[in-house]
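Below is one structure; the comments refer to it alone.
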Amino acid sequence: MSKLAINGGEPYRKEPFPGRTPFGEEEIELVTEAIRSQNLFGLNGAKVTAFEKAFAEFYGVKHSVASTSGTAAIHIAIGTVNPNPGDEIITAPITDGGTIVPIIYQNCIPIFADIDDSYNMDPKDVERKITERTAAIMIVHLFGNSCNVDEMLDIARRHNIPLIEDVSQSHATKYKGRYLGTWGDIAAFSLQQSKFMTTGDGGVTITNRDDWSRRMTLFRDKGWNYQPGWGARCYEFLSPCYRMTELQGAVGLAQIKKVRNVVEKRMALGNRLRELISDIDGLIPPPITEGSEHGYWVFPMRIEAWSHKAFAEALSREGVGASAGYIAEPIFICMEALAGKKTFGNSTHPFDGCHGGRKIDYTKGMCPRTEDALNHIVMTGFNENFTMKDVEDMAGAIHKVAELLPRD
């Protein structure tokens, strides 16, 4: 403990941590069944249909549509809301590009609400950003921790604006005893490899609104209406093709049975790690929204007494993988489709105002609390295969860095 590994000392943790093993024999059996059926086309296929039913039942909702990715699932949600070109959708400044791309592809303008102490969108700033062109609020339950759902719902209802939930990082996680994704009007999930449940890639969109179920279903398949009496083909509206295959559906059927157990294991590990490092002056463990569980998709620590880059590098050298920040800058700065308005061909559409939408320049300073957070966050993490001993080693390495790294 006398010298950091980055300065030539012995690493705190020398052996590798356990990797994820999300797939087992049931996935193999179900995928094999799908292949032996000689049909991998998912639309009305046995596996995808059963997966959609199981997903809806797990979350206690009426309607579920499977798709090719989390981005697709979000696009289906926005396409179901059906905003007009030039309309605005308020969303999070700390998120993946997959949250933003569907907004732009629907010819809408992303508007960013700054964060609160939870790293999620601040309800007060959401309400400040509402205009007559606001078509939806899309909250992102970041890192496995809920937004302040009650306040978001209140704002959406008072302004008669649909509330979309991006639950990609918070599967099977509860807010006030009820799963995230079941609070708003419509919700989207990613099934990408890193998520709590995965089909390698894939997505699911859910809603309880009967009036939206048909459009949601058609939107994932080019607006193609298969109903009799319409002739050979009828495409009711413009939409892409996001059909899930039977292979993904087969894996999803096994995964939905495991997901709550995965989250519960991660919660136990994350809460223990929080407890072990809570006494470190100058380091703030991941915040938990009041009333929410935290599934710890990642474990974000706010580093105040040291350079977050130096802390992350030193911790990594101690054998605990860490990175400074999550995205380097707010999404509207690090995504050229926003910062540089590089969209379709040589145009800047939909930021050109041709549909009466606002012309917005996305610049630094728009979300100061977000910029501050990204300049202090160090990300580390674990998976459901970690033991308490693994987490104790992580805590030991964090303590070592905090003790020996020079403070700013």
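What follows is calculated from the coordinates using simple rules that are stated; it is not laboratory data. Given the structure is predicted, the values throughout are model-derived calculations rather than measurements. Using ideal geometry, Cβ is built from the backbone for each residue, glycine included, and neighbour counts are taken over all protein chains shown.
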Query raised in the report: Within region 142-162, whose backbone N sits under 15 Å from a point 7 Å along Cα→Cβ of Lys176?
Result: 146-158
Report task. Give the relative contact order (percent, whole number) for the chain; include only Cα pairs under 8 Å separated by 6+ residues. Result -> 23 percent
Report task. Tell me what the chain gives for mean residue ellipticity at 222 nm when only DSSP H runs of n ≥ 4 count, each as -39,500 (n - 2.57), the sum divided by the residue total, rounded to 500 deg cm²/dmol. Result -> -10500 deg cm²/dmol
Query raised in the report: Say a paramagnetic label sat at a point 7 Å from the Cα of Asn82, along Cα to Cβ; which residues of region 188-219 have their backbone N under 17 Å from it?
Result: 207-219
Query - Length released on extending from Arg158 to Glu33, taking residue separation times 0.36 nm less the Cα-Cα span - result: 40.1 nm
Requested in this report: Mark the label point 7 Å from the Cα of Glu151 along Cα→Cβ and return the residues of region 178-220 whose backbone N is within less than 11 Å of it.
Outcome: none
Report summary line: A correct Stokes-Einstein calculation for region 223-355, using the alpha-carbon Kirkwood radius, 25 °C and 0.890 mPa s, returns a whole-number D in µm² s⁻¹ of 120 µm²/s
Query raised in the report: D for the chain, whole µm²/s, Stokes-Einstein with Kirkwood Rh over alpha-carbon pairs at 4 °C and 1.567 mPa s: what number?
Result: 58 µm²/s
Query raised in the report: Can you sort Lys222, Lys176, Lys195 by how many other beta carbons sit within 10 Å, fewest first?
Result: Lys176, Lys222, Lys195
Requested in this report: Rounded to the nearest 10 degrees, what's the angle between the helix 149-158 long axis and the longest principal axis of the chain, both from Cα atoms, 0 to 90?
Outcome: 40 degrees
Report summary line: Note: region 330-408, point scatterers on Cα, Debye, no solvent; log10 I/I(0) at q = 0.12, 0.18, 0.25, 0.26 Å⁻¹ equals -0.63, -0.86, -1.15, -1.18
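Please find the FRET efficiency linking His355 to Asp279, where r is the Cβ-Cβ separation and R0 is fixed at 41 Å, and quote it to the nearest 0.05.
E between His355 and Asp279, to the nearest 0.05, is 0.15.
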Requested in this report: Quantify how much of the Cα-Cα distance distribution of region 25-257 extends past 27 Å, in percent.
Outcome: 31 percent
Report summary line: In degrees rounded to 10, the 0-90 angle between helix 308-317 Cα long axis and the longest Cα principal axis of the chain is 80 degrees
Report summary line: Tyr105 and Thr348 label points (each 7 Å along its Cα→Cβ direction) are spaced in nm at 2.4 nm
Report summary line: The simple spin-label model distance between Phe41 and Lys124, using points 7 Å out along Cα→Cβ, in nm, is 5.6 nm
